[in-house]
Amino acid sequence: MAQDCNLVIRGKVIHLENNEPIESAYIWINEVERGEITDQDGNFVIRNLCPGSYTIKIQFLGHKEILDTISLNTNSFNKTYRMEEESLDLVGVEIHGHRDAVQTTTALTALYGDELLAARGENLGESLKRIAGVTTFSTGNTISKPVIHGMHSNRIMILNNGIRLEGQQWGAEHAPEIDPFLADEITVVKGAETVRYGPEAMGGVILVNPAPLATKKSRKTELNLLGGTNSRMGNISVTHSGGSGKINGLGYRVQASAKRAGNVKSPDYYQDNTGMSELNFSGALGYSSSKLGIETYYSFFNTSIGILRDAHTGNLSDLEQIIQNGRPFTNADFTYEINNPKQVVSHHLAKVKSHYHLSENWKLNAQYGFQLNLREEYDRRRGDLNDRPSLDLKLYTNTFDLFVDHTHRNEFSGTWGVNLIQQANSNVPGTGVTPLIPNYDMVNVGFYLMEKYSKGPLELEAGLRYDLRNVQTARFIQNELQEADLDYQNFSAFIGGLFQINPRLSFSSNLGSAWRPPNVNELFSQGLHHGAAAVEIGDSELNSEKSFKWVNELEYDHNNLHLEVTGYANQINNYIYLNPTGETVVSLRGTFNVYEYLQANAFFYGFDFAGSYEFTEKISAYAKGSIIRAKNTDENNYFPFIPSDRMDWGFAYDFDSGNGKTNKVTLSNILVAQQTREPDFDIAPAPPGYALFNLAYQKQLQVHSNKLNLGIQVQNIFNTSYKEYMNRFRYFTDDMGRNILLKINYQF
Amino acid sequence: MFNSKKNLVYVMAFFALSFFTACESDDPVIENDAEVITDVILNFQELDATGNLVGAVTTFSASDPQGIEVGATPTIDNVTLTKGKTYQLNIEVRNSIENEDITEEILEEGDEHQFFFLGTAFVGSPVLTYQYDDLSGELIGVQGIVTVAASPGFNNANMRIILRHDLDKNFPGATNPSFENFVQAGGESDLDITFPLILN
């Protein structure tokens with residue numbers, strides 16, 4: 001009787017240390033003398049085996065060999081192998097930089113390589129629009145905040161090299177204080193990640209990560225030069241990194257970037273006072289041995305941003321007039337000059353991170369971060385007041401993390417830790433304006449644990465966290481001291497899983513609870529918001545928001561087809577929103593709308609998709625898009641500023657495919673629908689939908705042993721006039737017109 | 001092995017120390033609103049046929065001691081003028097919180113400021129007409145001449161007084177003190193007050 005020799009061995013090879021997949025590990029089955037190499041996800045398959053006993057040998061440079069004897073009877077064999085690094089005293093062994101992978105079963109998408117190159121010169125929000133499900137909430141063309149599944153500001157979290165970015169995220173016109181040039185990879189986690197990263201990671205997390213530091217002797221420099229015709233933008237960035245030849249494991253990186261742009265041009269006119277300048281710097285020094293790793297990092301971000309002159313309205317009647325006009329009244333020329341109203345923001349971030357391998361399986365990590373955020377906002381004022389900011393905030397944040405990671409040859413791995421955040425916010429006196437938010441001190445302590453079980457095609461993950469937060473505020477209202485002492489606490493938890501259905505198809509699902517204590521502006525705002533001609537009133541009695549987000553992702557990858565679909569539902573209790581009261585305030589300055597912070601139950605759901613298909617070696621197509629639905633389930637109406645349905649699709653032609661060097665042209669079309677699910681009250685109706693066409697050409701050249709990447713992009717080819725619903729300046733102006741960009745990247 | 005453990009202790013100690021010597025927020029400071037206009041005073045004085053000032057000054061004011069505040073509305077006087085007469089109008093703008101005369105600042109920045117006079121009193125079939133008569137010769141509206149119609153078509157009109165800041169004074173039409181499309185000249189409203197007008 002013939003034996004059934006159709007059995008298959010499937011497996012996955014990952015680093016013991018950080019669970020990152022190992023590509024190109026060598027698999028050898030002694031008995032049949034057959035080998036295989038793992039793919040980029042660390043997976044391997046060996047087919048057509050008869051039942052019996054086999055010895056699997058796994059080898060990868062610098063790692064201990066794995067020998068595993070198995071008996072193969074069924075077709076469902078699938079096992080994960082964790083490879084341990086060999087100790088350092090072996091000559092010629094490469095030491096790995098320690099960048100920890102995001103160990104999550106949640107849907108995540110990263111921007112790196114060619115796609116990141118194409119996004120160079122854009123701010124963080126704009127860059128991330130390339131990821132399906134991520135849009136922006138912007139204030140003009142220079143200030144944009146990323147939106148993940150309809151959530152932004154304090155409902156998502158941004159990590160700058162592992163430290164949660166603490167600026168004045170609450171403000172709609174407060175862009176993240178981060179230089180995208182410091183990133184070698186930007187990852188978006190679309191699930192609720194409160195357990196891992198602390199309160200507020202409700203809608204998702206954005207990780208801005210530099211490349212790992214070198215651990216052996218090397219030198220590398222990367223120069224980026226960019227220019228754009230619209231706003232006559234110029235941008236330069238230099239990164240130099242290397243490793244010491246004398247001290248094994250010592251590496252460094254310095255990076256700086258500068259950007260200057262003038263007035264933005266809408267198709268028919270210049271937007272007055274929309275220039276910006278930016279100057280950023282970062283440096284890192286690290287040491288890594290087999291047992292111990294230490295990294296110090298500092299980044300400085302500094303920007304001046306002009307605010308569209310016409311957006312600063314005096315009162316409601318001014319606002320209504322400009323909305324009716326549909327464009328700014330001011331007829332501006334081109335200039336680089338930045339006048340009031342403007343923002344001057346700087347952000348310092350310093351961190352020290354260390355890990356120590358307690359044993360083969362246990363790693364102790366400690367991370368301390370210090371941040372200082374300085375924000376000055378200048379309005380058009382009379383006389384000397386014009387030189388004084390109307391809002392002047394100084395925010396100190398200390399974060400401290402202590403956690404242990406354990407990874408084992410068996411199926412369990414996990415992280416247990418404690419996280420401390422301490423924050424002090426002060427209004428710098430001398431503005432001549434009653435501060436919008438009080439001075440405050442905040443302390444947050446969180447304890448968490450997460451465990452992950454991996455067996456063959458299945459990964460299961462669960463975590464639990466407890467947080468305690470205290471906020472103390474003080475301010476003067478009409479010469480009277482007002483103080484508040486508020487406590488918040490919460491448990492959050494998640495459970496998730498990833499199942500590799502077959503080598504082509506994987507499915508992940510994650511259900512996570514998250515919470516967010518009300519922010520100080522929601523509790524205590526009291527004042528005039530010029531751009532919206534609105535008086536905003538906080539409520540110190542607000543409760544914490546609590547949410548449950550369920551994210552599912554299906555990923556298919558086979559030959560020429562790649563598909564990703566993410567579906568999610570997010571129930572948020574006590575969702576805090578700014579509600580128009582319908583009342584107005586009358587003053588000598590005129591009339592203003594009154595808005596108040598309210599809470600209601602909200603339900604968000606939607607899906608994102610991204611796919612690509614290669615018709616031939618030269619021609620490929622892609623499409624990606626997102627649909628979001630968000631409803632106030634108490635009032636049965638809609639929230640403002642929820643992204644409308646959109647998709648981005650296009651074709652690419654590769655001139656010389658196969659040699660590994662990029663040389664391709666992409667024509668793309670962005671389609672954005674009108675937001676028909678509008679709130680009951682808005683000062684202007686949602687603008688109509690629009691379609692934009694973009695063209696991009698990217699070429700990689702080899703100059704001796706160096707790499708030169710050239711990119712030419714034409715955005716909004718037809719110079720279409722449009723307004724984006726998610727841009728707050730849609731009330732005042734059309735969006736940016738045609739922009740031709742030249743991007744040069746040289747690596748030597 | 002032992003050494004690196006010791007190093008680790010030092011590193012940890014450094015972390016802990018930096019954390020607990022963390023900074024506190026500053027004590028809040030009383031911030032006077034320097035920008036707010038709390039009082040607008042209209043000083044009317046009669047001009048005779050030869051343009052000389054006669055009689056006493058009559059003042060009408062609008063005041064809002066707390067500036068922009070929910071629940072509080074400004075107190076605005078009725079402006080009472082006599083039919084057929086011509087007045088010099090001097091506008092005084094004050095910040096009583098800082099005890100500051102803002103009129104001076106407006107005059108200093110005469111190129112960026114301008115009053116406009118609208119409402120049913122000045123627009124349509126006007127019962128009042130305004131003419132800029134500022135000492136510097138610029139069109140600002142701190143001083144001007146108001147002429148009351150001899151036989152106005154109606155009474156109980158509104159005088160809407162607007163102070164624009166940062167406008168384009170060369171915008172076509174902006175020389176007209178009762179320019180209804182003043183917003184088109186750009187800038188923003190620093191004042192927008194409507195006084196009830198009673199003609200005797």
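Results for (1) part of a strand (DSSP E or B); (2) away from chain B (no Cβ under 13 Å); (3) buried (at least 22 other Cβ atoms within 10 Å of the Cβ), shown as yes or no for each residue.
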| residue | (1), (2), (3) |
| --- | --- |
| A:Ser346 | yes, yes, no |
| A:Leu349 | yes, yes, yes |
| A:Gly369 | yes, no, yes |
| A:Asp392 | yes, no, no |
| A:Thr415 | yes, yes, no |
| A:Gln422 | yes, no, no |
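Does A:Gln321 satisfy the criteria of being in the same structural domain as A:Asp184 (by TED's automatic domain parsing), over 30 Å from A:Gln747 (Cα atoms) and open to solvent by 30 Å² or more (accessible area, probe 1.4 Å)? Can you show your working first?
Working: in the same structural domain as A:Asp184 (by TED's automatic domain parsing): yes; over 30 Å from A:Gln747 (Cα atoms): yes; open to solvent by 30 Å² or more (accessible area, probe 1.4 Å): yes.
For A:Gln321, the condition - in the same structural domain as A:Asp184 (by TED's automatic domain parsing), over 30 Å from A:Gln747 (Cα atoms) and open to solvent by 30 Å² or more (accessible area, probe 1.4 Å) - is met.
Considering every residue within the stretch A:270-277, establish whether at least one is touching a Gly at 6+ places or on another chain (Cβ under 7 Å), within 30 Å of A:Arg327 (Cβ to Cβ) and of a type in the set (A, V, I, L, M).
yes
Exactly one condition in (1) part of a loop (DSSP other than H, G, I, E, B); (2) more than 30 Å from the chain's Cα centre (by Cα); (3) not charged (D, E, K, R) is not met by A:Ser317; state its number.
(1)
Counting only residues that are open to solvent by 30 Å² or more (accessible area, probe 1.4 Å), within 14 Å of chain B (Cβ to nearest Cβ) and part of a strand (DSSP E or B), how many does the stretch A:555-594 have?
7
Kindly indicate whether A:Ser237 is open to solvent by 20 Å² or more (accessible area, probe 1.4 Å), among the hydroxyl-bearing types (Ser, Thr, Tyr) and part of a strand (DSSP E or B).
Considered against the rule, which asks whether it is open to solvent by 20 Å² or more (accessible area, probe 1.4 Å), among the hydroxyl-bearing types (Ser, Thr, Tyr) and part of a strand (DSSP E or B), A:Ser237 comes out as no.
Tell me, please, whether a residue that is over 23 Å from A:Gly113 (Cα atoms), surrounded by fewer than 23 Cβ atoms within 10 Å (Cβ to Cβ) and touching a residue at least 60 places away in the same chain (Cβ under 8 Å) can be found in the stretch A:201-220.
The initial filter retains those residues of the stretch A:201-220 that are over 23 Å from A:Gly113 (Cα atoms), namely A:201-203, A:217.
Those left that are additionally surrounded by fewer than 23 Cβ atoms within 10 Å (Cβ to Cβ): A:217.
Within this subset, residues satisfying the condition of being touching a residue at least 60 places away in the same chain (Cβ under 8 Å) are none.
Looking for residues that are over 23 Å from A:Gly113 (Cα atoms), surrounded by fewer than 23 Cβ atoms within 10 Å (Cβ to Cβ) and touching a residue at least 60 places away in the same chain (Cβ under 8 Å), one finds none in the stretch A:201-220, hence no.
Limited to the stretch B:171-190, what total is found for residues that are within 14 Å of A:Ser317 (Cβ to Cβ) and either touching a strand residue (DSSP E or B) at 6+ places or on another chain (Cβ under 9 Å) or open to solvent by less than 20 Å² (accessible area, probe 1.4 Å) (or both)?
Residues of the stretch B:171-190 that are within 14 Å of A:Ser317 (Cβ to Cβ), as a first pass: B:180-184, B:187-190.
Those still in the list that are either touching a strand residue (DSSP E or B) at 6+ places or on another chain (Cβ under 9 Å) or open to solvent by less than 20 Å² (accessible area, probe 1.4 Å) (or both) too: B:180, B:182-183, B:187-190.
Of the residues in the stretch B:171-190, 7 are within 14 Å of A:Ser317 (Cβ to Cβ) and either touching a strand residue (DSSP E or B) at 6+ places or on another chain (Cβ under 9 Å) or open to solvent by less than 20 Å² (accessible area, probe 1.4 Å) (or both).
Could you tell me whether B:Asp168 is open to solvent by 40 Å² or more (accessible area, probe 1.4 Å), within 11 Å of chain A (Cβ to nearest Cβ) and part of a loop (DSSP other than H, G, I, E, B)? Even if it seems obvious, please write down each step before you answer.
Numbers: open to solvent by 40 Å² or more (accessible area, probe 1.4 Å): yes; within 11 Å of chain A (Cβ to nearest Cβ): yes; part of a loop (DSSP other than H, G, I, E, B): yes.
Yes, satisfied.
Looking at the stretch A:261-284, which of the residues that are in a strand (DSSP E or B) and within 14 Å of chain B (Cβ to nearest Cβ) is nearest to A:Leu372 (Cα to Cα)? Even if it seems obvious, please write down each step before you answer.
Within the stretch A:261-284, the subset in a strand (DSSP E or B) is A:261, A:265-266, A:269-270, A:276-284.
Add one more test, that the residue is within 14 Å of chain B (Cβ to nearest Cβ), and what stays is A:269-270.
Details: A:Tyr269: 38, A:Tyr270: 35 Å.
Top of the filtered list is A:Tyr270.
Hey, among A:Gln472, A:Gln478, A:Gln482, which residue is over 26 Å from A:Asn154 (Cα atoms) and within 13 Å of another protein chain (Cβ to nearest Cβ)? So that I can check it myself, show each step before the final result.
Values: A:Gln472 fails: over 26 Å from A:Asn154 (Cα atoms); A:Gln482 fails: over 26 Å from A:Asn154 (Cα atoms).
On inspection, the qualifying residue turns out to be A:Gln478.
From the residues in the stretch A:437-457 that are out of contact with any helix residue (DSSP H, G or I) (no Cβ under 6 Å at 6 or more places or on another chain) and within 11 Å of chain B (Cβ to nearest Cβ), which one is surrounded by the most Cβ atoms within 10 Å (Cβ to Cβ)?
Only one residue fits best here, namely A:Asn439.
So B:Glu69 ticks every box in (1) open to solvent by 50 Å² or more (accessible area, probe 1.4 Å); (2) assigned to a loop (DSSP other than H, G, I, E, B); (3) more than 11 Å from chain A (Cβ to nearest Cβ) but one. Which box is left unticked?
(3)
Hey, among A:Gly512, A:Gly538, which residue is touching a residue at least 12 places away in the same chain (Cβ under 8 Å), within 14 Å of chain B (Cβ to nearest Cβ) and open to solvent by less than 50 Å² (accessible area, probe 1.4 Å)?
On the way: A:Gly512 fails: within 14 Å of chain B (Cβ to nearest Cβ).
The match here is A:Gly538.
Quickly run through the stretch A:526-569 and pick out the residues that are within 24 Å of the chain's Cα centre (by Cα) and among the β-branched types (Val, Ile, Thr). Working first, answer last.
If we filter the stretch A:526-569 for residues that are within 24 Å of the chain's Cα centre (by Cα), which is where we start, we get A:544-556, A:562-569.
A:Val551, A:Val565, A:Thr566 - these are the residues of the stretch A:526-569 that are within 24 Å of the chain's Cα centre (by Cα) and among the β-branched types (Val, Ile, Thr).
From the residues in the stretch B:104-138 that are more than 14 Å from chain A (Cβ to nearest Cβ) and not in a loop (DSSP other than H, G, I, E, B), which one is most open to solvent (accessible area, probe 1.4 Å)? So that I can check it myself, show each step before the final result.
We begin by selecting, within the stretch B:104-138, every residue more than 14 Å from chain A (Cβ to nearest Cβ); these are B:117, B:120-138.
Subset that is not in a loop (DSSP other than H, G, I, E, B): B:117, B:128-132.
Numbers: B:Phe117: 0, B:Leu128: 2, B:Thr129: 72, B:Tyr130: 22, B:Gln131: 106, B:Tyr132: 31 Å².
Going through the qualifying residues, I end up with B:Gln131.
Any chance you could count how many residues in the stretch A:332-344 are within 11 Å of another protein chain (Cβ to nearest Cβ) and either modelled with pLDDT of 95 or more or buried (at least 18 other Cβ atoms within 10 Å of the Cβ) (or both)? Break it down into steps so the answer makes sense when it comes.
First pass over the stretch A:332-344, keeping only residues within 11 Å of another protein chain (Cβ to nearest Cβ): A:332, A:339-341.
Subsequent filtering for residues that are either modelled with pLDDT of 95 or more or buried (at least 18 other Cβ atoms within 10 Å of the Cβ) (or both) retains A:332, A:340-341.
Residues meeting the conditions: 3.
Which one of A:Val45, A:Val8, A:Val91, A:Val13 is open to solvent by 60 Å² or more (accessible area, probe 1.4 Å) and either over 23 Å from A:Thr415 (Cβ atoms) or modelled with pLDDT of 80 or more (or both)? Don't jump to the end; show me each part of the working.
On the way: A:Val45 fails: open to solvent by 60 Å² or more (accessible area, probe 1.4 Å); A:Val8 fails: open to solvent by 60 Å² or more (accessible area, probe 1.4 Å); A:Val13 fails: open to solvent by 60 Å² or more (accessible area, probe 1.4 Å).
Going through A:Val45, A:Val8, A:Val91, A:Val13 in turn, the sole match is A:Val91.
How many residues are assigned to a loop (DSSP other than H, G, I, E, B), farther than 21 Å from A:Pro176 by Cα and more than 10 Å from every other protein chain (Cβ to nearest Cβ) if we restrict to the stretch A:371-390?
Count: 0.
Looking only at residues in the stretch A:285-308 that are at pLDDT 90 or above and open to solvent by less than 20 Å² (accessible area, probe 1.4 Å), which one is farthest from the other protein chains (Cβ to nearest Cβ)? Working first, answer last.
Step one: of the stretch A:285-308, the residues at pLDDT 90 or above are A:285-287, A:294-308.
From what's left, open to solvent by less than 20 Å² (accessible area, probe 1.4 Å): A:286, A:297, A:299, A:301, A:303, A:305-306, A:308.
Details: A:Gly286: 13, A:Tyr297: 14, A:Ser299: 18, A:Phe301: 20, A:Thr303: 23, A:Ile305: 19, A:Gly306: 14, A:Leu308: 12 Å.
Residue satisfying both the conditions and the ranking: A:Thr303.
The values are calculated or read from the model by the stated rules, or taken from the named source; none is laboratory data. Since we're looking at a predicted model, the values are computed, not measured. So basically every Cβ, Gly included, is an ideal-geometry build from the backbone, and we count neighbours across all protein chains shown. The protein model used for the area step is the full one, side chains on, heavy atoms only, and it has no ligands, DNA or RNA in it. Shrake-Rupley method; radii C 1.70, N 1.55, O 1.52, S 1.80 Å.
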